[in-house]
Amino acid sequence: MKNEPARVRTGLPENLTQRFAHRAAHMKPSEIRSLFAVASRPEIVSLAGGMPNLSALPMEMMASVVQKLILDNGAEALQYGSGQGHPRLREQICEMMALEGIRAHPDDVIVTTGSQQALDLISRIFIDPDDVVLVEAPSYVGALGTFRQYEAKVVHVAMDDHGLIPDALREAIAATRAAGRKIKFLYLIPNYQNPAGVLLPAERRTEILDICREEKIFVVEDNPYGLLGFDKPSPNAMRAEDSENVIYLGSFSKTIAPGFRVGWALVPQSLKEKLVIASESSILCPSNFTQLAISSYLADQPWRDQIASFAKLYKVRRDVALESLDKYFPKNATWTKPAGGFYIWVTLPPEIDTNALVPKAIVAKVAYVPGTAFYADGFGSWSLRLSYCHPTPERIKEGIKALSGVIKDEMEQRSIN
Ligand code: PMP
């Protein structure tokens, strides 16, 4: 605000940090969050944030859904609700998950405040300090931040263009156990992965499920992008094959809108009670208002068509991004070719430090996220994530062209060719 006095950030005084709980030391600002402040300036083409593109969402229709909800059912919508989530929405969530082959009972669904909250709850229930969580290399920055706050030791497992490599998983499990460490779960994003954009094929899903079942390791399947395939549906969810050993996370953030903050966890029966208790302790109950808004929308609106129009919009942007990379990027760079979702992962020659290039990219009016954000251990300095979901196709082209100029200059200076 204009008249607010300037506040000088001086960091935390030492006597204050001494009063914090031990775990507060692991609460660090996300690299991405600070980048977003710059990236959101209008002159910058942001290929940084994974913000859903709401331009395809008819706002008048949304307004009428919300208005009708309040007028017809305001007393319920604006009241506290069930800690586990609204029963009607939980039924509808099961119908939605059926699109990915999942047969689930609404009793096993827990509605959360975005799937991010589900990640927090699962971490709270499973992770003691120094426990190991296995994740893809690279993995979702928001999950890594949560695991760090619960003091997990994150072990990255290699991926290729087809997602997590089962043999690498076997090796990681053996090495971790040989070092005497406890593995709590494998966290993975099988569909149009964040940040790599890759898709895990059906055979690998089965193989990974078999390994984890045998080794008694839970699989946390995070699936916010699964319905955003461009040309064909994604393979069945891993949870469709294994209801005992998979904790499935879903979200309406990318298929409807993130502002509702509604996601869910579908858990093995044995875990449900713990999750509900943990959730009640942090939020009492998820918002009845946003749950019922989503529920009315799903009941009365053509939501499948809406998802299809989102996918179409993202496909156009993916095409422009890939064409621009082909046209402008140096020949010694490589990148993934997503079949859905929001992200492309670019790998440059190892001498290039994508963290150091951020300020130069900002001067060239383009923003991206450096690869190190997606590793718990500082790896990834010569890679970066590009999100093509939000800018217009023209701006995507402009941004990728500008970024290629920055990278080519750097390569020239370092005599890389
Ligand atoms: N998981 C993944 C892989 C994500 O990309 C995101 C959001 N970018 C989330 C979870 C959290 O989503 P939400 O809390 O909005 O459901």
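The values are calculated or read from the model by the stated rules, or taken from the named source; none is laboratory data. None of these values were measured; they are calculated from a predicted model. Cβ sites come from the backbone with ideal geometry, for glycine too, and all protein chains shown count toward neighbours. Note: accessible area is taken over every heavy atom of the protein model, side chains too, but ligands, DNA and RNA are not part of it. Shrake-Rupley method; radii C 1.70, N 1.55, O 1.52, S 1.80 Å.
In this entry, Asp326 passes the filter for residues that are free of Cβ contacts under 8 Å to residues at least 24 places away in the same chain and not small (Gly, Ala, Ser). Among residues of the range 253-269 that are assigned by TED's automatic domain parsing to the domain that holds Leu119 and closer than 17 Å to Ile102 by Cα, those with a beta-carbon under 7 Å from a residue that is open to solvent by 40 Å² or more (accessible area, probe 1.4 Å) and not in a strand (DSSP E or B) at least six positions away or on a different chain give the pairs Pro268/Ser243; Pro268/Glu244. Among all residues of the range 160-168, there is none that is farther than 24 Å from Gln269 by Cβ and within 10 Å of the ligand (Cβ to nearest atom). Name the single residue, out of those in the range 214-223 being out of contact with any Gly (no Cβ under 7 Å at 6 or more places or on another chain) and in a loop (DSSP other than H, G, I, E, B), that is nearest to the ligand (Cβ to nearest atom). Going through the qualifying residues, I end up with Ile217. Looking only at residues in the range 109-150 that are open to solvent by 30 Å² or more (accessible area, probe 1.4 Å) and not in a helix (DSSP H, G or I), which one is nearest to the ligand (Cβ to nearest atom)? Selected residue: Tyr140.
Within the range 154-169, restricting attention to residues that are touching a residue at least 60 places away in the same chain (Cβ under 8 Å) and open to solvent by 30 Å² or more (accessible area, probe 1.4 Å), which residue is nearest to the chain's Cα centre (by Cα)? Across the range 154-169, the extreme among qualifying residues is His156.
The residues listed here are Ala175, Ala196; of these, the one that is surrounded by 17 or more Cβ atoms within 10 Å (Cβ to Cβ), of a type in the set (A, V, I, L, M, F, W, C) and either outside any loop (DSSP other than H, G, I, E, B) or modelled with pLDDT of 95 or more (or both) is Ala196. Apart from one condition, Leu188 fits all of (1) more than 11 Å from the ligand (Cβ to nearest atom); (2) crowded, with 22+ Cβ neighbours inside 10 Å; the exception is (1). Being among the hydrophobic types (A, V, I, L, M, F, W, C) and open to solvent by 50 Å² or more (accessible area, probe 1.4 Å) is the filter here, so list the residues in the range 368-378 that pass it. Ala376 - this is the single residue of the range 368-378 that is among the hydrophobic types (A, V, I, L, M, F, W, C) and open to solvent by 50 Å² or more (accessible area, probe 1.4 Å). Determine whether Pro235 is open to solvent by less than 40 Å² (accessible area, probe 1.4 Å), in the same structural domain as Gly197 (by TED's automatic domain parsing), assigned to a loop (DSSP other than H, G, I, E, B) and away from the ligand (no atom under 15 Å from the Cβ). Here the answer is yes, as Pro235 does meet what is asked.
Yes or no: Ser381 over 22 Å from Val141 (Cα atoms), hydroxyl-bearing (Ser, Thr, Tyr) and surrounded by fewer than 22 Cβ atoms within 10 Å (Cβ to Cβ)? Spelling it out, it is not the case that Ser381 is over 22 Å from Val141 (Cα atoms), hydroxyl-bearing (Ser, Thr, Tyr) and surrounded by fewer than 22 Cβ atoms within 10 Å (Cβ to Cβ).
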